[in-house]
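Let me begin by presenting the structure, written as structure tokens, before commenting on it.
The values are calculated or read from the model by the stated rules, or taken from the named source; none is laboratory data. Everything numeric here is computed off the predicted structure, so don't read it as measured data. Cβ atoms come from the backbone with ideal geometry, glycine included; neighbour counts cover every protein chain shown.
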Amino acid sequence: MSKAQRSIFVGKKTYLDELTNDLKEIAFHCRMKGITQDVIALTANQIFPDAIQVQYNEKKGLFFPDEVGEKYSIVELYKSLYEGDEITFDLCIGSKPCFNKNKDFTISTKSSFERKLKF
């Protein structure tokens, strides 16, 4: 049975739960309105390369760290948002492609689509 060890509530629809089970395995459950799960993991790993990296498991809907430790990239990301830092997320680095509808009714692929968050 899993339970939340700690949680960080940043704002409306933006939170992180650190989960542990009976075997002391760690996983993270988080949400961030307007940002996809894989983009959250990729951005956290890019911004905090010295912290323990996390990978998003789409099948389970959870983030799993590469190893056990004290400082995880995803926790550092949410702490940074909680402290009022502005963070830029590129929505095109995730697994879903980003498209742009042009005025001449053509469709092109976006190379970058940034969203800035600050609480």
Filter segment 86-99 for residues that are touching a strand residue (DSSP E or B) at 6+ places or on another chain (Cβ under 8 Å) and modelled with pLDDT of 85 or more; the one that is surrounded by the most Cβ atoms within 10 Å (Cβ to Cβ) is Phe89
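Please go through segment 94-119 and pick out each residue that is in contact (Cβ under 8 Å) with a residue 24 or more places away in the chain, of a type in the set (A, V, I, L, M, F, W, C) and in a strand (DSSP E or B).
Leu117
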Expected output for segment 36-47 (first residue closer than 12 Å to Thr88 by Cβ and among the β-branched types (Val, Ile, Thr), partner part of a helix (DSSP H, G or I) and at pLDDT below 95, Cβ below 8 Å, 6+ apart or cross-chain) is Val39/Leu91; Val39/Ile93; Thr43/Ile93
Glu83: passes all of (1) without any contact (Cβ under 8 Å) to a residue 12 or more places away in the chain; (2) more than 20 Å from Val10 (Cα to Cα) but (2)
task = Would you check if there is a residue in segment 48-65 being modelled with pLDDT of 95 or more, loosely packed, with under 15 Cβ neighbours inside 10 Å and within 16 Å of Val10 (Cβ to Cβ)?
result = no
Per the list (1) more than 12 Å from the chain's Cα centre (by Cα); (2) of a type outside the set (Ser, Thr, Tyr); (3) within 22 Å of Lys3 (Cβ to Cβ); (4) surrounded by 12 or more Cβ atoms within 10 Å (Cβ to Cβ), residue check on Phe113 breaks on (3)
Okay, strands (runs of 3 or more DSSP E) sitting entirely in segment 1-93 with 1 or more residues that are within 17 Å of Phe119 (Cα to Cα), I get 3-11, 14-20, 26-32, 87-90
